[in-house]
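Below is one structure, written out as structure tokens; the observations come after it.
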Amino acid sequence: MRHAPSRRSVLQFAAGFSLLPFVPALGSYRPRALNIFFDFESSELTKDAAELADTLAREILPSARVTLSGNADTAETSPDRISYARGNELLKHFLRKQSLAKVRFNVVANGISKPLIRTGPNIKEPQNRRVEVVIE
């Protein structure tokens with residue numbers, strides 16, 4: 001003879017499933033990504049980009065792993081150098097924050113290999129001049 005589940009067991013079961021999105025070991029966690037854009041031929045953070053980086057810094061947990069992938073457009077000279085400089089500039093900005101001292105950062109230079117907008121050679125595309133921040 002089968003017994004009906006108790007109210008307590010039903011609530012425990014439901015509570016367990018409500019926590020699944022917060023348990024990375026179960027595969028439901030997804031890294032967050034955000035782009036911070038730069039001016040042409042520049043690796044300096046603009047005022048707006050610095051404000052966005054500050055907002056993002058408040059969301060990064062000390063246990064996080066953060067990848068900073070620098071990118072350039074096809075019209076910029078030395079795209080590999082400038083994409084790496086952009087990633088490093090954002091890294092320096094983040095490391096000025098005491099709350100991010102224990103975060104593991106990785107800087108990657110993509111150059112022109114991973115554009116948001118595909119263009120031909122020597123085409124200025126502002127959306128390709130960016131650092132993609134991936135928080136895991």
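Each value in this text was obtained by applying a stated rule to the coordinates, not by laboratory testing. Everything numeric here is computed off the predicted structure, so don't read it as measured data. Glycine also receives a Cβ, built like all others from the backbone with ideal geometry; neighbour counts cover every protein chain displayed.
Values computed for the structure shown
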quantity	calculated
Cβ-Cβ under 9 Å pairs, at least 6 apart or on other chains, the stretch 116-129 side at negative phi, far side of a type in the set (Lys, Arg) and part of a helix (DSSP H, G or I)	ARG129/ARG86
Scan of the stretch 94-118 for residues that are over 15 Å from ARG130 (Cα atoms) and not aromatic (Phe, Trp, Tyr), ordered by number	LEU95, ARG96, LYS97, GLN98, SER99, LEU100, ALA101, LYS102, VAL103, ARG104, ASN106
Scope the stretch 55-72; condition surrounded by 14 or more Cβ atoms within 10 Å (Cβ to Cβ) and either acidic (Asp, Glu) or more than 22 Å from LYS114 (Cα to Cα) (or both); matching residues	LEU56, ALA57, ILE60, ALA64
